[in-house]
Amino acid sequence: MAGCIFCMIANGEIPSKIVYENDLVVAFDDLHPQAPVHTLVVPKAHYQDIADGVPAETMAAIFAAACEVARIKGINESGFRIISNKGADAGQTVPHFHVHVLGGRKMDEGLV
C-alpha cells in the first residue's frame, strides 16, 4: 500500500535492522523499544489489522516467525510476550497488521 511505512520496510525501500525474513513476513527491531527485546513481525502483504481477513497461511507464518525471533534474540527459554493491537483505542499506531515480540526482562501479569 502506497505510503505505508511497514510496506516500505518489507519491500526494502526503507532500511531497517532485519532480524528474520521469509516469503511472507519480515521481522525488524522496533525504533522505540518497550523492553530489552522488542521486535515487530509484519506480513509483506498489506493488511490493515488482525481483523482484515489475513489468510491462515500468513497468520501461521507470523507466529512461527515470532517464535524464531525469540530464538534468535535468546529469549525463547526465559519467556516472551506477543501482542497485536487492533485500532487506535488499542494503541495501533501503524495501520498495517503486525505483532510485537517483547522480552529480555521479567514482565508482570499486567499489560505492557
Report summary line: When restricted to Ala70, Ala61, Ala66, Ala35, the only residue closer than 14 Å to Leu102 by Cβ, crowded, with 18+ Cβ neighbours inside 10 Å and in contact with a Leu (Cβ under 7 Å, 6 or more places away or on another chain) is Ala35
Query raised in the report: Checking Ser78 against (1) more than 24 Å from Leu24 (Cβ to Cβ); (2) surrounded by 14 or more Cβ atoms within 10 Å (Cβ to Cβ), which test does it fail?
Result: (2)
Query - Residue among Ile14, Ile18 that is without any contact (Cβ under 8 Å) to a residue 12 or more places away in the chain, touching a strand residue (DSSP E or B) at 6+ places or on another chain (Cβ under 7 Å) and surrounded by fewer than 15 Cβ atoms within 10 Å (Cβ to Cβ) - result: Ile18
Report task. Identify the residue in the stretch 85-112 that is crowded, with 16+ Cβ neighbours inside 10 Å and assigned to a loop (DSSP other than H, G, I, E, B) and, among all such residues, is farthest from the chain's Cα centre (by Cα). Result -> Gly104
Query raised in the report: Out of the stretch 38-58, which residues are polar (S, T, N, Q) and surrounded by fewer than 21 Cβ atoms within 10 Å (Cβ to Cβ)?
Result: Gln48, Thr58
Report task. Can you tell me which residue within the stretch 21-32, out of those that are touching a residue at least 24 places away in the same chain (Cβ under 8 Å) and in a strand (DSSP E or B), is farthest from Tyr47 (Cα to Cα)? Result -> Ala27
Query raised in the report: Applying the selection to the stretch 33-59, what residues are outside any helix (DSSP H, G or I) and among the charged types (D, E, K, R)?
Result: Lys44, Asp49, Asp52
Requested in this report: Give just the number: which of (1) under 18 Å from Thr93 (Cβ atoms); (2) surrounded by 18 or more Cβ atoms within 10 Å (Cβ to Cβ); (3) under 13 Å from the mean Cα position of the chain (by Cα) does Asp29 not satisfy?
Outcome: (2)
Requested in this report: Answer yes or no as to whether Ile62 is under 14 Å from Ala10 (Cα atoms) and either out of contact with any helix residue (DSSP H, G or I) (no Cβ under 6 Å at 6 or more places or on another chain) or part of a strand (DSSP E or B) (or both).
Outcome: yes
Query - Number of the exception - Leu40 against (1) more than 16 Å from Pro95 (Cβ to Cβ); (2) touching a strand residue (DSSP E or B) at 6+ places or on another chain (Cβ under 8 Å) - result: (1)
Query raised in the report: If you take the residues of the stretch 14-56 that are in contact with a helix residue (DSSP H, G or I) (Cβ under 6 Å, 6 or more places away or on another chain) and of a type in the set (Gly, Ala, Ser), which of them is nearest to Gly104 (Cα to Cα)?
Result: Ala27
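FYI, it's all coordinate maths here, none of it is from the lab. Keep in mind that what you see is a predicted model, and the values were worked out from it rather than measured. Every residue, glycine among them, receives a Cβ derived from its backbone with ideal geometry; neighbour counts consider all protein chains shown.
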